[in-house]
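First the structure, in the form of structure tokens, and then the observations on it.
What follows is calculated from the coordinates using simple rules that are stated; it is not laboratory data. Not measured: the values here are computed from a predicted model. Don't worry about glycine lacking a Cβ; one is built from the backbone with ideal geometry, like all the others, and counts go over all protein chains shown.
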Amino acid sequence: MLLEINDIHVHYGKIAALKGISAEVDEGEIVTLIGANGAGKTTTLKTISGLRPLTSGSIRFAGQDISKMPGHKRVLAGIGQSPEGRGVFPGMTVEENLLMGAYARRGDFSKELAEVYELFPRLAERKSQAGGTMSGGEQQMLAIGRALMAKPKVLLLDEPSMGLAPKLVQQIFSIIVEINRRGTTVLLVEQNASQALQVAHRAYVLETGRVVKSAPASDLLDDPQVRAAYLGGGAEAQVGAGASADCLEDTPPVAAPESVEEDGDASSS
Amino acid sequence: MTGVASKRTRSRFSVDPVRDRWESAPPWARWVVYLLLVVGALLLPAQGIGNIMAPPESDWPTMLSDQIGIYVLLGLGLNVVVGMAGLLDLGYVAFYAVGGYTIAIFATKYHWSFWETLVLAIVTASLAGVLLGAPTLRLRGDYLAIVTLGFGEIVRVTANNLNYVNGPRGIQGIPHPPTLSEWTVPGLDVQPFKYGLLDSRPYYYLLVFFIVVAIVFVKRLERSRVGRAWASIREDEDAAELMGVPTFKFKLAAFAIGAAIGGSGGVVFAAKQTSINPGSFTFMVSALVLAGVVLGGSGNIPGVIVGAFLLAWLPERFRGLSDYRMLIFGVALVAMMIFRPEGLWPSRQRKAELAEGSGGMGSMGAEVAGPGTAAEVTE
């Protein structure tokens with residue numbers, strides 16, 4: 001296994017965000033974590049990249065326990081991340097942003113730079129534009145490209161489709177597949193479950209800080225519970241419960257809408 | 001929000017054309033300008049300039065050495081912390097005080113020479129920076145600001161209550177720096193290396209020397225890996241960590257370097273005044289230096305110099321309006337923040353950060369929890 005997380009617990013103050021998540025990512029895979037708001041997807045990624053400390057549990061990467069390694073060293077170990085909200089450096093140009101991606105490495109980056117520009121021709125056109133002035137889609141490309149500059153073994157992507165037009169979402173996902181085809185393992189966090197399941201090999205379904213399901217992605221695409229909760233197929237799943245059953249009344253077994261509501265309350269308090 | 005931002009950036013006086021010209025200028029042209037600036041700074045205490053710049057009852061060279069020079073030096077130091085690394089420090093006066101008290105103690109009690117105490121003061125001030133930074137730099141934005149504010153007060157209150165440094169009476173009899181040379185500038189009545197009681201100009205020249213050294217040092221840092229790391233921390237600290245920047249280490253370094261520059265300012269101040277007491281190290285000094293940095297254009301060295309100069313000079317120049325000084329001053333600062341929040345002379349990068357919205361001011365502590373941050377808490 002390239003990346004193994006073992007029963008990790010993470011707290012924000014007294015609130016438990018992750019209540020024992022275990023997952024594995026093998027070399028060459030695309031693995032996706034899907035789930036509603038507040039399920040713990042982003043926290044899981046942040047914990048893997050070292051931005052959040054663990055309360056308990058362990059993370060192993062390439063055979064080495066990295067649970068206590070500081071975040072900036074995990075980059076050199078081979079973990080690259082495109083963070084939630086993209087995290088583009090607004091005052092730096094596109095090229096400066098990309099070169100920041102290679103900050104931890106020494107030597108010549110022209111090859112990686114050329115590769116990123118080849119993957120994202122749009123970035124090549126805008127080399128000297130300030131990162132903060134680009135559109136959401138361009139910033140997402142920049143965030144992914146920047147993470148690739150460190151030549152990561154595993155690329156962590158946090159909601160790459162967030163806030164993008166459907167056409168751009170398609171484009172970003174096809175680039176993710178291409179990155180994977182060229183040999184980078186991908187761990188993808190998504191709310192857009194149908195897109196994520198279509199490109200991923202395996203998937204974990206997270207709910208309020210726990211893994212409730214893990215299976216090959218194609219199986220989950222056909223799973224009635226998952227369809228009901230995340231893919232908008234609620235009516236189909238309720239066989240014989242009345243053809244035009246009201247989705248809100250007939251609570252599906254996975255009960256995703258409820259958990260969304262609970263988390264919403266927790267965040268406002 | 002975006003509407004306001006775009007209104008701000010549109011059709012306002014901009015230094016960009018000048019900057020483009022500067023960037024395309026050949027190196028020799030730049031050196032000529034640097035040289036002219038230094039010569040200009042050395043000629044500044046002249047009587048003719050003083051007649052315009054100083055009110056009749058004040059001595060212009062004394063204003064330059066006691067106020068303006070010190071504030072410019074402190075501004076450059078604080079700029080490392082606030083402008084380059086994006087850490088809001090409201091207790092910067094603490095390092096100035098540490099510098100001043102170091103020379104006061106070691107010169108009067110142990111009879112160290114000026115230059116020895118200078119080195120020692122720089123070391124102790126940067127140690128104080130590390131001491132303050134190590135436990136507090138895990139905090140961000142406003143939280144860091146509050147802790148640094150507290151630190152500034154702790155240093156002052158400690159000095160006020162410590163018998164070893166005579167409490168509120170402070171330490172007297174700090175020697176002037178030793179005279180380096182009796183040499184007189186031909187044609188002028190100035191002995192630039194003779195540090196006495198009557199002439200303030202040699203102290204001002206000493207400050208100019210410190211300022212030039214600080215500028216060269218900071219500028220070199222800015223263009224190095226350290227400078228890039230600071231810029232990334234300022235713009236997005238989490239992303240910086242994900243790029244492999246050891247953010248904590250670099251924030252600590254920013255504190256230490258800023259503190260060292262502030263400490264050197266304290267040494268010159270104490271040696272010029274020959275006595276110091278805790279009353280010189282109030283929160284007001286921190287606030288004024290910070291205002292100078294932000295007013296001038298935080299992160300941009302020429303801007304910071306202009307800002308610190310104005311903030312030290314204006315209140316002294318218009319002493320006639322002394323009762324209203326702070327009022328006028330406050331109104332001017334508020335107006336600045338409305339009409340030119342990036343400062344009088346901002347760096348291009350800083351301007352882009354501000355145009356983006358959250359950029360610069362987020363790290364200045366003005367970040368308000370939005371829907372995005374709330375989601376982050378629950379997930």
Rg over Rh [alpha-carbon atoms, Kirkwood Rh] for chain B: 0.97
Evaluated at q = 0.08, 0.10, 0.11 Å⁻¹: base-10 log I(q)/I(0), Debye formula over Cα of chain A: -0.34, -0.52, -0.63
The range B:77-281: C-alpha pair distances exceeding 28 Å, %: 33
Highest to lowest packing among A:196-208, B:227-239, A:103-115, A:154-166, scored as the average C-beta count within 10 Å: B:227-239, A:196-208, A:154-166, A:103-115
For B:GLY170, residues with placed amide H under 5 Å, excluding near neighbours: none
Under Karplus coefficients 6.51, -1.76 and 1.60, residue-wise ³J(HN,Hα) of the range A:207-221 in Hz, glycine/proline x: 9, 5, x, 9, 7, 9, 7, 9, 6, x, 4, 5, 5, 5, 4
Between 0 and 90°, nearest 10: helix B:27-43 axis offset from chain B longest Cα axis: 50
Quotient of Cα Rg and 2.2 N^0.38 Å for the range A:104-235, N being how many residues it contains: 1.18
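Could you work out [θ]222 nm for chain B from helices alone, using -39500 (n - 2.57) per DSSP H run of at least four and dividing by all its residues? Round to the nearest 500 deg cm²/dmol.
-20500 deg cm²/dmol, from helical runs alone.
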Degrees separating the helix A:110-119 axis from the principal Cα axis of chain A, which is the longest one: 40
Shielding by other protein chains, A:149-156, mean Cβ within 10 Å: 1
Range of Cα positions in the range B:70-186 per principal axis (Å), largest first: 50, 41, 20
Residue exposure sequence - B:ARG169, A:ARG52 - by fewest surrounding Cβ within 10 Å: B:ARG169, A:ARG52
Spread of Cα-to-Cα distances over 10 Å intervals beginning at zero, given as percent, for the protein assembly as shown: 3, 14, 22, 21, 16, 12, 7, 3, 1, 0, 0
Chain A: relative contact order in percent, alpha carbon pairs under 8 Å with at least 6 residues between: 24
Average partner coverage of B:245-251, which counts Cβ from other chains inside 10 Å: 3
DSSP bridge orientation in the protein assembly as shown - percent antiparallel, rounded to nearest 5: 55
Amide H partners (placed H, <5 Å) of A:LEU156, local residues excluded: A:GLY80, A:GLN81, A:SER82, A:LEU187
Relative packing of peptides A:183-190, B:80-87, A:44-51 - highest average C-beta neighbours within 10 Å first: B:80-87, A:44-51, A:183-190
Residues whose placed amide H lies under 5 Å from that of A:SER56, excluding near-sequence neighbours: A:HIS9
Degrees, to the nearest 10: A:256-268 long Cα axis against longest axis of chain A: 60
³J(HN,Hα), Karplus 6.51/-1.76/1.60, whole Hz, each residue of the range B:202-218, x for Gly, Pro: x, 5, 5, 4, 4, 5, 4, 4, 4, 5, 5, 4, 4, 4, 4, 4, 5
